[in-house]
Amino acid sequence: MFGSPGITGTMVVKDRTTGALVESAAATEISGGLYSASFSTLSYAVYVVNLVDSSGDINWQDSVYVDAADTTYPASELQYHPDPPTIADTILTRNVSNVEAFTDEHTLATAILSLLEWSISGSTLTIKRSNGSTTHITKTLTSAVSTGDIITGIN
């Protein structure tokens, strides 16, 4: 699992469907933000795995496919095999409300929000969060006075 380098923490494995805790184990940094942990109760399935730092903050979250029958590695170790349909489904069904509160201005989340709820008042474009009332970001609009109210730019 990849995370920020230098984390002291725990890998927490949850059931992908229910979110219930399955198992947790101390995370060991292998090198440069690549972490590993050993587990004893995991079986052939897809799980959500979090790298949780010592303050309890989630540093990284991923969906992983665990193949307990993999003979290349001991079955007790969590092995990562990308499960493309699961990854695609997770990305395509994730709600922008999960990330909108902490995303920066120039992100895909802002682009998505700008398609959903926005308003213009004077020269200000206001993009709302998914609740329809909280302002996500404001931008200044410019127009060509000689051509009327045509918007020619956003700053």
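Which of the residues that make up the range 37-62 are in contact (Cβ under 8 Å) with a residue 40 or more places away in the chain and under 26 Å from Arg94 (Cα atoms)? Answer for the range 37-62, where residues must be in contact (Cβ under 8 Å) with a residue 40 or more places away in the chain and under 26 Å from Arg94 (Cα atoms): Val46, Val49, Leu51, Val52, Asp53, Asn59, Trp60, Asp62.
Taking the range 88-107 as the range and being surrounded by 10 or more Cβ atoms within 10 Å (Cβ to Cβ) and assigned to a loop (DSSP other than H, G, I, E, B) as the test, the residues that pass are Arg94, Val99, Thr103, Glu105, Thr107. Considering the range 18-36, the residues that are assigned to a loop (DSSP other than H, G, I, E, B) and modelled with pLDDT under 80 include one that is nearest to the chain's Cα centre (by Cα), namely Gly33. Within the range 117-144, the set of residues being more than 20 Å from the chain's Cα centre (by Cα) and not in a strand (DSSP E or B) comprises Glu117, Gly122, Ser123, Gly132, Ser133, Thr134, Ala144.
The values are calculated or read from the model by the stated rules, or taken from the named source; none is laboratory data. Just so it is clear, the model here is predicted, and its values are computed rather than measured. All Cβ positions, glycine included, derive from the backbone under ideal geometry; neighbour counts span all protein chains shown.
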